[in-house]
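This report concerns only the one structure given below.
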Ligand code: N01
């Protein structure tokens, strides 16, 4: 049976809170909850405190977040009586710090060491968890907190023959307590992640021969370790509280300035300078933040990746070894990058050899060494630095059985589902510290741990005050958070890599991005809002009776939310407060800040005859050989703003995705030319385009009309006019968030009337400029009120947070009811403007892909009579 740190006490039968783990999380939890008057017992398999820093004692083990930041901040007095000796402290120093914390707050008396909690069962009748240790002791608790760490379950080396080897075997994640002496020995290290990269230079110092087996080359930057950063120390001395608060509200958990320099657009000298500065800084967040877009744009990412490869080639003398050490199979940052001290240079030593497993795969481990590609290499010791079953592994390794008898392992068989990474449905009163779908491993863990512990403590305090004793996330809230977390990952390059973030390092583990990548700041805001909104999404119960404010905390796509936040922060005047000329200038200036869109084969300008005057057009031609399908396109802008080139990024994107020639036509604008001038121009343009299709290099049998917003209105009306006039034959129509009616009473006008860029007020302003009240019900202004039979097949896209959502949906439904083939696409989490923000709002790309695919399938279908 395990004993408490004080030495004698047996495991208590009953406590308010049981905490699993005595690392950074468990220690702070124990301290905090005890201070709040809860009875707490903590359990750890280890014989002392430290968590990850207890187990990972391999040579060279250090933190790679500066120690000024990788420390508790909850007690200024604690900060005063601890001084770090290095920028990146060694494992013994960090362990000594955690031991100091345990002593300072007298924590050991409530920690049972050498005690593994093997199973946990929820008992609904008593509303308590029953935990069982591996030695069959039981403890009953109201709340059960897994503070068991994200990287605490070492992965078993999955290599043929591993059990046969007779020499010394070491696992970096379970390193012996006594010193290991490699002097004069032939040593193998398998694995080149952070652990391998830290221990390889140290082992090379002692060993007679060192052979490194590398499966995936890893990006690493020099740590430039030394004294703690004078500038960080100065900032802390000047304003400790301000510094810590800035860390809490930062992207990664360390105060840092975010850049808006794009790796795609910035000139070479700026890119080089930013990279060199980050390289010199020797900090992970610096090298991960050289460019604003390196995490989402492959081109920007490759700029950084190649600069790192240049550094590797410059450090390693043998060109073949250098080439093997250059990572080429994953974007930089999508596997966790490392900070090192002399890692690449180690391969210049005569007794160090790199075995690139892509060129020389391991056949088997033998009794005496490793056989790789026909060569038998003998070793005295093998070090496995092969990583962990990360994030979910430590949680599901305990046999946790929830309210309906399902185990956590079974519930998560297809990947973890959590609410805020803190709780999971079906497992009441179970909390996780830095669980899956929380920032955790992507952040400074010290900051994320404190935030989780504080949140849990506040929650328990509140429940105690409100006479409640049961808490569980609702399925709706959990599904919403899982989706949001996934949305955040999907706009990044991360899903492209076979990383432990994706569960890809453990055979059979579901491929799901595990942590939350929206940022520490965004995450903290979400947790705060949940708390402020009556613990939204959490079902509470107890003597005071049940209560629940159900809901989803984040529904807008993460990159759309960033745009909205940015726009809100600029405090811009409302467009409807301007006159038309100022509004046009403003909208053109905004468009000029947007990425240009993908390259197309050719862009040409021209004019075509209109009813009143010539109309300018811009033509986008694919790079492929023609004849191409042809799309007549009408820009958005409420009939007031815009031009033939206003929607250029969207037109280029449409051109590339559909392989069609896009002819974007300007039309007369209001208020100078009111209804029906724009419609008359649009119809005349489509007639001209149809007649001239062949001379434009297009297939006259594949003509579509398309438009966004007011342009969607013109496209829809044009189809009705063409049908009524008996031509031209239009094979399909694409209506992107179109105006289809002048009715402001639909729910989407009320739900989304403010805060999503196109406001209800602005839409009224557009209508007022365009058409008189009496004209607005005319089918040429409100196509929803026209006859819809016999119209071309339609792709209708509506956006969830658009005032025009419901009229777009109504048009799609009315078309379908009239027998028109319709592909209705509802863009979840999008706004009226976000789908056209090509390369700025990444989450719009899959919607545009679906839209283009649907349009192409209609275009290719035989034309309807
Ligand atoms: O583990 P890893 P780690 N045959 O999974 C290879 C944190 N940490 O312990 O990439 C051959 O990163 C595997 O190859 P591949 C940090 O978050 C922090 O190094 O799967 N090779 C990879 O090279 C880190 O990310 C610090 O192709 C095999 C390596 O083993 C996380 O912990 C220090 C193999 C495993 O790398 C995990 O790091 C240390 C096989 N069968 C760790 N199986 C700090 O500095 C695996 N590999 C704070």
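A quick yes/no check of all residues on (1) touching a residue at least 24 places away in the same chain (Cβ under 8 Å); (2) part of a loop (DSSP other than H, G, I, E, B); (3) within 14 Å of the ligand (Cβ to nearest atom):
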{"residue": "38", "(1), (2), (3)": "yes, yes, no"}
{"residue": "43", "(1), (2), (3)": "yes, no, no"}
{"residue": "47", "(1), (2), (3)": "yes, yes, no"}
{"residue": "60", "(1), (2), (3)": "yes, yes, yes"}
{"residue": "71", "(1), (2), (3)": "yes, yes, yes"}
{"residue": "74", "(1), (2), (3)": "yes, yes, no"}
{"residue": "77", "(1), (2), (3)": "no, no, no"}
{"residue": "82", "(1), (2), (3)": "no, yes, no"}
{"residue": "86", "(1), (2), (3)": "yes, yes, yes"}
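Of everything in the stretch 372-382 that is more than 11 Å from the ligand (Cβ to nearest atom) and within 21 Å of residue 168 (Cα to Cα), the residue that is nearest to the chain's Cα centre (by Cα) is 382.
For the stretch 332-355, the set of residues classified as more than 11 Å from the ligand (Cβ to nearest atom), closer than 28 Å to residue 390 by Cβ and not in a loop (DSSP other than H, G, I, E, B) consists of 343, 344, 346, 354, listed by residue number. Scanning the stretch 429-451 for any residue that is in contact (Cβ under 8 Å) with a residue 12 or more places away in the chain, closer than 22 Å to residue 540 by Cα and assigned to a helix (DSSP H, G or I) turns up at least one such residue. State yes or no: is residue 449 at pLDDT 95 or above and either more than 16 Å from the ligand (Cβ to nearest atom) or within 26 Å of residue 18 (Cβ to Cβ) (or both)? For residue 449, the condition - at pLDDT 95 or above and either more than 16 Å from the ligand (Cβ to nearest atom) or within 26 Å of residue 18 (Cβ to Cβ) (or both) - is met. Just one of the numbered conditions (1) farther than 18 Å from residue 736 by Cα; (2) crowded, with 21+ Cβ neighbours inside 10 Å is not true of residue 778: (2).
Restricting the stretch 281-302 to residues that are in contact (Cβ under 8 Å) with a residue 60 or more places away in the chain and surrounded by 16 or more Cβ atoms within 10 Å (Cβ to Cβ), the residue that is nearest to residue 324 (Cα to Cα) is 301. The condition (being within 16 Å of the ligand (Cβ to nearest atom) and either over 20 Å from residue 366 (Cβ atoms) or assigned to a helix (DSSP H, G or I) (or both)) is satisfied by just one residue among 152, 140: 152.
Could you go through the stretch 785-794 and let me know if any residue there is buried (at least 19 other Cβ atoms within 10 Å of the Cβ) and within 29 Å of residue 555 (Cβ to Cβ). Checked the stretch 785-794: at least one residue is buried (at least 19 other Cβ atoms within 10 Å of the Cβ) and within 29 Å of residue 555 (Cβ to Cβ).
Restricting to the stretch 372-386, name every residue that is buried (at least 21 other Cβ atoms within 10 Å of the Cβ) and outside any strand (DSSP E or B). Within the stretch 372-386, 379, 385, 386 meet the criteria. Quick check on the stretch 507-523. Is at least one of its residues within 16 Å of the ligand (Cβ to nearest atom), free of Cβ contacts under 8 Å to residues at least 40 places away in the same chain, surrounded by 22 or more Cβ atoms within 10 Å (Cβ to Cβ) and under 30 Å from residue 299 (Cα atoms)? Looking through the stretch 507-523, at least one residue is within 16 Å of the ligand (Cβ to nearest atom), free of Cβ contacts under 8 Å to residues at least 40 places away in the same chain, surrounded by 22 or more Cβ atoms within 10 Å (Cβ to Cβ) and under 30 Å from residue 299 (Cα atoms). Restricting the stretch 740-759 to residues that are surrounded by 19 or more Cβ atoms within 10 Å (Cβ to Cβ) and more than 33 Å from the chain's Cα centre (by Cα), the residue that is modelled with the lowest pLDDT is 742.
Output yes when any residue across the stretch 90-108 is within 16 Å of the ligand (Cβ to nearest atom), at pLDDT 95 or above, in a loop (DSSP other than H, G, I, E, B) and under 25 Å from residue 172 (Cβ atoms), and no when none is. The answer is no, given that none of the residues of the stretch 90-108 is within 16 Å of the ligand (Cβ to nearest atom), at pLDDT 95 or above, in a loop (DSSP other than H, G, I, E, B) and under 25 Å from residue 172 (Cβ atoms). For residue 126, the conditions (1) assigned to a loop (DSSP other than H, G, I, E, B); (2) touching a helix residue (DSSP H, G or I) at 6+ places or on another chain (Cβ under 9 Å) all hold with the exception of (2). Screening residue 748 against (1) farther than 20 Å from residue 666 by Cβ; (2) part of a helix (DSSP H, G or I); (3) out of contact with any helix residue (DSSP H, G or I) (no Cβ under 7 Å at 6 or more places or on another chain) leaves a single unmet condition, (3). If you go through the stretch 573-595 and keep only what is in contact with a helix residue (DSSP H, G or I) (Cβ under 9 Å, 6 or more places away or on another chain), loosely packed, with under 13 Cβ neighbours inside 10 Å and in a loop (DSSP other than H, G, I, E, B), you end up with 573, 574.
Every residue, every condition in (1) more than 25 Å from residue 499 (Cβ to Cβ); (2) at pLDDT below 95; (3) in contact with a strand residue (DSSP E or B) (Cβ under 8 Å, 6 or more places away or on another chain); (4) within 16 Å of the ligand (Cβ to nearest atom), yes or no:
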residue	(1), (2), (3), (4)
185	yes, no, yes, no
201	no, no, yes, yes
209	yes, no, yes, no
219	no, no, yes, yes
227	yes, no, no, no
251	no, no, no, no
267	yes, no, no, no
270	yes, no, no, no
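Which numbered condition in (1) surrounded by 18 or more Cβ atoms within 10 Å (Cβ to Cβ); (2) out of contact with any helix residue (DSSP H, G or I) (no Cβ under 9 Å at 6 or more places or on another chain) is the only one that residue 823 fails? All conditions are met except number (2). The condition of being out of contact with any strand residue (DSSP E or B) (no Cβ under 6 Å at 6 or more places or on another chain), assigned to a loop (DSSP other than H, G, I, E, B) and within 16 Å of the ligand (Cβ to nearest atom) does not hold for residue 501. Residues that are in a loop (DSSP other than H, G, I, E, B) and in contact with a strand residue (DSSP E or B) (Cβ under 6 Å, 6 or more places away or on another chain) were ranked within the stretch 358-371; the one that is nearest to the ligand (Cβ to nearest atom) is 360. What about residue 390, is it outside any helix (DSSP H, G or I) and within 16 Å of the ligand (Cβ to nearest atom)? Against the criterion (outside any helix (DSSP H, G or I) and within 16 Å of the ligand (Cβ to nearest atom)), residue 390 qualifies.
Taking the residues in the stretch 313-325 that are surrounded by fewer than 19 Cβ atoms within 10 Å (Cβ to Cβ) and assigned to a loop (DSSP other than H, G, I, E, B) as candidates, determine which candidate is farthest from the ligand (Cβ to nearest atom). Step by step, filter the stretch 313-325, then rank; the result is 317.
For residue 799, the conditions (1) assigned to a loop (DSSP other than H, G, I, E, B); (2) in contact with a strand residue (DSSP E or B) (Cβ under 7 Å, 6 or more places away or on another chain) all hold with the exception of (1).
Here residue 400 clears all of (1) more than 16 Å from the ligand (Cβ to nearest atom); (2) in a loop (DSSP other than H, G, I, E, B); (3) farther than 30 Å from residue 318 by Cα except the condition numbered (2). Candidates 305, 247, 314, 278: the one that is without any contact (Cβ under 8 Å) to a residue 60 or more places away in the chain and within 27 Å of the chain's Cα centre (by Cα) is 278. What about residue 197, is it touching a strand residue (DSSP E or B) at 6+ places or on another chain (Cβ under 8 Å), within 16 Å of the ligand (Cβ to nearest atom) and within 28 Å of residue 47 (Cα to Cα)? Spelling it out, residue 197 is indeed touching a strand residue (DSSP E or B) at 6+ places or on another chain (Cβ under 8 Å), within 16 Å of the ligand (Cβ to nearest atom) and within 28 Å of residue 47 (Cα to Cα).
The values are calculated or read from the model by the stated rules, or taken from the named source; none is laboratory data. Keep in mind that what you see is a predicted model, and the values were worked out from it rather than measured. FYI the Cβ positions are ideal-geometry reconstructions off the backbone, even for glycines, and counts take in every protein chain you see.
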